[in-house]
1. May I ask you to list the residues in the range 144-193 that are over 30 Å from Asp129 (Cα atoms), part of a loop (DSSP other than H, G, I, E, B) and in contact (Cβ under 8 Å) with a residue 40 or more places away in the chain?
2. I'm trying to understand the selection: among the residues of the range 9-43, which are closer than 25 Å to Thr66 by Cβ and either among the acidic types (Asp, Glu) or modelled with pLDDT of 90 or more (or both)?
3. Quick one: which of Leu78, Leu74, Leu84 is in contact with a Lys or Arg (Cβ under 9 Å, 6 or more places away or on another chain), under 28 Å from Asp105 (Cβ atoms), part of a loop (DSSP other than H, G, I, E, B) and open to solvent by 40 Å² or more (accessible area, probe 1.4 Å)?
4. Output the residues belonging to the range 117-138 that are in contact (Cβ under 8 Å) with a residue 24 or more places away in the chain and open to solvent by 40 Å² or more (accessible area, probe 1.4 Å).
5. Do we find that Glu51 is modelled with pLDDT under 95 and of a type outside the set (Val, Ile, Thr) in this structure?
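The values are calculated or read from the model by the stated rules, or taken from the named source; none is laboratory data. Everything quoted here is computed from the prediction, not taken from an experiment. Reconstructed Cβ throughout: ideal geometry from the backbone, glycine too, with neighbour counts over all protein chains shown. Please note that ligands, DNA and RNA were not included when accessible areas were found on the heavy atoms of the full protein model with its side chains. Shrake-Rupley method; radii C 1.70, N 1.55, O 1.52, S 1.80 Å.
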Amino acid sequence: MEDNYLFLGWYLDENFSEMAEAGSKINSDTTLYAKWESIVVEPTTYKVSFEMNGHGEDISSLENLTSLPSQLPLVDDLVDYCFLGWYLDENLTELATPGIEISKDMILYAKWELKTYTISFDGVEQVLDYNSVIVAPADPTKEGYTFLGWYMDEVKFEEGLKATSDMEFVSRFEINQYTISFDGVEQVLDYNS
């Protein structure tokens, strides 16, 4: 039997008008003609669901598929997490390949990674997870100067600040001034002048 064809029987003519009957006598050389009918075989299709793993918006399942779509659903990064792709397993070890054939209903699993940010104090960097509290190093010292604080542009670092982007702080100092009196005349001088 041929794939995608249904055998309808043996016939005595090319036009399939006279069917050969089992048990009929044959009196001479006879050619029998096989009659076939094409049948449409619908491919088996499957459903692909998407597990967001606790982040992002739910994505509707895709149905009537014989392979993964050539473009898997795009997912935007979140404020706190980066989307790393779709995986075939719950342990997120086997990356889903767009366009591969499938043979069963499937669930694709979203892999996420918590965002990290580089926080710098006078060039000394620390990498923190999103929304972690930033801890400034000990106040630096500089002879003849008073430490004013850690600044990012004109914004002063405040205790309790959280890592929500890369940040670069620099120490800011003010030169110490001294009042000198000589014969009743006072003069204010900067350190070391």
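1. Looking only at the range 144-193, we keep the residues that are over 30 Å from Asp129 (Cα atoms), and these are 144-146, 174-193.
Narrowing the set further to residues that are part of a loop (DSSP other than H, G, I, E, B) leaves 144, 176, 183-184, 191-193.
Gly144, Tyr191, Asn192, listed by residue number.
2. Just the residues of the range 9-43 that are closer than 25 Å to Thr66 by Cβ, to begin with: 37-43.
Scanning the range 9-43 gives Glu37, Glu42.
3. On the way: Leu74 fails: in contact with a Lys or Arg (Cβ under 9 Å, 6 or more places away or on another chain); Leu84 fails: part of a loop (DSSP other than H, G, I, E, B).
The match here is Leu78.
4. So in the range 117-138, the residues in contact (Cβ under 8 Å) with a residue 24 or more places away in the chain come out as 117-122, 128-134, 136.
Correct list: Thr118, Asp122, Asp129, Tyr130, Asn131, Val133.
5. Values: modelled with pLDDT under 95: no; of a type outside the set (Val, Ile, Thr): yes.
Spelling it out, it is not the case that Glu51 is modelled with pLDDT under 95 and of a type outside the set (Val, Ile, Thr).
Here is a yes/no grid of residues against (1) charged (D, E, K, R); (2) out of contact with any Gly (no Cβ under 9 Å at 6 or more places or on another chain); (3) free of Cβ contacts under 8 Å to residues at least 60 places away in the same chain:
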{"site": "Asp58", "(1), (2), (3)": "yes, yes, yes"}
{"site": "Thr66", "(1), (2), (3)": "no, yes, yes"}
{"site": "Leu72", "(1), (2), (3)": "no, no, yes"}
{"site": "Gly85", "(1), (2), (3)": "no, yes, yes"}
{"site": "Thr93", "(1), (2), (3)": "no, yes, yes"}
{"site": "Thr97", "(1), (2), (3)": "no, yes, yes"}
{"site": "Ile100", "(1), (2), (3)": "no, yes, yes"}
